[in-house]
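Taking it in order: structure first as structure tokens, then the write-up.
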Amino acid sequence: MTWHNPTIEEIEFAVGFYEEQTKTALEALEALTGPNSPIPRDGSDKEWSDEVARNLTLLKLTMSGISNLFDPKYAQQQGKKDGR
């Protein structure tokens, strides 16, 4: 099986996409949990909790996806070079 090695441009796109998505989700969560939530938190429906859950899921998925850009063996290799 031949693996795809991403180009610098592809990595930069992925990082930019990650930053954009996480920034949007964090801003939405801050608004939802702040004193002036755009969605009422009166407990009458699920809209508020659905939006919170949706943004938390987005954060979880983006972190899971971006983690693929990191080589878990890199830290071990660097430690060996540094004498750790």
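Just so it is clear, none of the values below were taken in a lab; they were calculated from the coordinates. Predicted, not measured: the structure shown is a model, and the values here were computed from it. Every residue, glycine as well, gets a Cβ built from its backbone with ideal geometry; the counts of neighbours run over all protein chains shown.
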**Complete:** Note on the chain: helices (DSSP H) long enough, at least 18 Å by alpha carbon along their axis, and hydrophobic enough, mean Kyte-Doolittle at least -0.5, are 8-33, 47-66
**Asked** Modelled label-to-label distance, L69 and T24, 7 Å Cα→beta-carbon offset: nm?
**Response** 1.7 nm
